[in-house]
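First the structure, in the form of structure tokens, and then the observations on it.
The values are calculated or read from the model by the stated rules, or taken from the named source; none is laboratory data. Since the structure is predicted, the reported quantities are computational estimates derived from the model, not experimental observations. Note: ideal-geometry Cβ built from the backbone for every residue, glycine included; neighbour counts use all protein chains shown. The area values use the complete protein model at the heavy-atom level, side chains included, leaving out ligands, DNA and RNA. Shrake-Rupley method; radii C 1.70, N 1.55, O 1.52, S 1.80 Å.
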Amino acid sequence: MEVRPDQLPRQLEAQPLARCYLLAGDEPLQVLEAADAVRARARREGFDEREVLHAEPGFDWGRLAAAGASLSLFSDKRILELHLPDKGPGKPGSAAIVDYAKNAPDTTLLIVVATPMAASARKSAWYKAMAKAGVALYAWPLPGNRMAEWLRRRAEARGVTLDAEANTLLATQTEGNLLAAAQEVDRLALLHPGQRIGAAEVAAAASDHARYAIFDLPAKALAGDAAGALKTLARLRTEGVDAVPIAWALTRETRLLYQAALAARSNRLDAMLSKVFMPPARKRQIGAAAKRADPARLARLLQQAAALDAVNKGAHAGRAWDDLITLTLGLCGRPPRTPSIHRRPDPR
């Protein structure tokens, strides 16, 4: 079964818990919240133990079958969570996932969490096997009309009401970035609890904050504003923002720029950008940056992003905020630095 993110809560409430869930997409917030919703439902049904596997390069796919077949030490039921890399599971992983989905045990809930996928991946055997055995969810960027509805529901869930003008203004400010929009809705709910919010309140709340939001960081970097981008990064750190969503935003922008740079080299840039949903101003910025960018340098930057992901997941020792500086400067067009997991540890 395939569902949209907005259909998942109803599916979880009305139907029995599936044995397998595949959660992927272009919108990290919706993927993260979908995973939280599935885990919450599973905990209510007694899935008290959780094991997490990260399918990094060199991963032994036999561990997936072994984890599904082994008995839990502490609970009758458990969650097995598999995080896939950007390139997907590959041939060995695809076969392992297909085999698992065909013989998924009742006492183990498999949740596969993935990043944005190419169209070919969504037609692959392992994707279809997951959808057949359970539930597959792909989070697409929301078009304008669905973005407005998403904002309205989000605000109501936090006890406030956005009038039509406020809703439109907030959607425009966040440019379809759900993570930034969610942060702004939470901020408005704290400033105006239980109230009806208009455009004036949205503008006032954003006046000293929007420029430091996560979605603003990649835009400054793409514009080559290294000083401004680093200032934004420093402010996000000061405000206590976690490194994970910042890394996701920078990696997503780097990946998009890499694809656009490759398209520019083969005179397919306009065709490529026509398939991407984003405001015209963002397309112009991506297009201009793609014509200047070196695909080889961006490929190396994506490798560093993968190293940062390993640091954020605890798979490697490192300094995440140092690597965020590296990604930010790389997106600005500066030469990439050595990732922190390759540097000598600070003796302090």
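Can you give me the accessible area per residue for the range 144-207, using a 1.4 Å probe, in Å²?
Each residue of the range 144-207 exposes 48 Å² on average to a 1.4 Å probe.
Classify the range 144-207 as rounded, prolate or oblate, taking a ≥ b ≥ c as the square roots of the eigenvalues of its Cα gyration tensor: rounded when a/c is under 1.5, otherwise prolate if a/b is larger than b/c and oblate if not.
Rounded, since a/c falls under 1.5.
Please state the relative contact order of the chain as a whole percent: Cα pairs under 8 Å, 6+ residues apart?
15 percent
On the principal axes of its Cα set, how long, how wide and how thick is the range 210-332? Give whole Å, largest value first.
Extents along the principal axes, in whole Å: 40, 31, 23.
Non-local amide H neighbours of Leu162 (under 5 Å, H modeled in plane, Pro and chain starts lacking H): which ones?
The list, which skips near neighbours in sequence, is Ile197.
Per-residue accessible area for Glu51 at 1.4 Å probe radius, Å² rounded to 10?
It works out to around 60 Å².
For Glu51, which sequence-distant residues (separation of 5 or more, or a different chain) have an amide H within less than 5 Å of its own amide H, given hydrogens modelled in the peptide plane?
Amide H to amide H, under 5 Å and 5 or more residues apart or across chains, Glu51 pairs with Ile79, Leu80, Glu81.
Which whole-number percentage describes the relative contact order of the range 2-139, with Cα contacts under 8 Å and a sequence gap of 6 or more?
Answer for the range 2-139 is 43 percent.
Straight-line reach from Lys102: which lysines have Cα under 25 Å away, leaving out those fewer than 8 places along the same chain?
Lys77, Lys87, Lys91, Lys123, Lys128, Lys132
For the range 228-244 and the range 129-153, what is the centre-to-centre distance using only Cα atoms, to the nearest Å?
A separation of 29 Å, based on Cα centres.
Roll a 1.4 Å probe over the protein chains and send me the accessible area per residue for the range 210-332 in Å².
Spelled out: the 1.4 Å probe surface of the range 210-332, per residue, equals 45 Å².
To make sure I understand the rule: partners must be aspartates and glutamates, Cα under 15 Å from the Cα of Lys275, and not fewer than 8 residues away in the same chain. Which ones qualify?
Partners within reach: Asp26.
So which trypsin sites (Lys or Arg not before Pro) in the range 1-65 pass both tests, a DSSP loop state and at most 10 other Cβ atoms within 10 Å of the Cβ?
Counting only loop positions with at most 10 other Cβ atoms within 10 Å, none of the trypsin sites (Lys or Arg not before Pro) in the range 1-65 qualifies.
Can you run phi through the Karplus equation (6.51, -1.76, 1.60; θ = phi - 60°) for the range 105-112 and list ³J(HN,Hα) in whole Hz, with x for Gly and Pro?
Working through the residues one at a time gives x, 6, 8, 10, 9, 9, 10, 9 Hz.
Over the chain, what is the percentage of antiparallel beta bridges among all DSSP beta bridges, to the nearest 5?
0 percent
Report the one residue of Asn177, Ala289, Ala223 whose Cα lies farthest in the direction of the positive end of the charge dipole of the chain (charges on C-beta: Lys and Arg +1, Asp and Glu -1; origin at the Cα centre).
Farthest towards the positive end: Ala289.
If you average the sequence gap of Cα pairs under 8 Å that are 6 or more apart and divide by the length of the range 85-172, what percent do you get for the contact order?
Relative contact order comes out at 27 percent.
Would you mind listing how long the range 1-59 runs along its three principal axes, going by Cα atoms, in whole Å with the largest first?
That gives 39, 29, 20 Å along the principal axes, largest extent first.
Take the solvent-accessible surface of the protein heavy atoms, probe 1.4 Å, and return the percent of it on the chain that carbon and sulfur atoms account for.
About 53 percent, which is the carbon plus sulfur part of the accessible surface.
Apply the a/c threshold of 1.5 to the C-alpha gyration tensor of the chain and tell me whether it is rounded, prolate or oblate.
oblate
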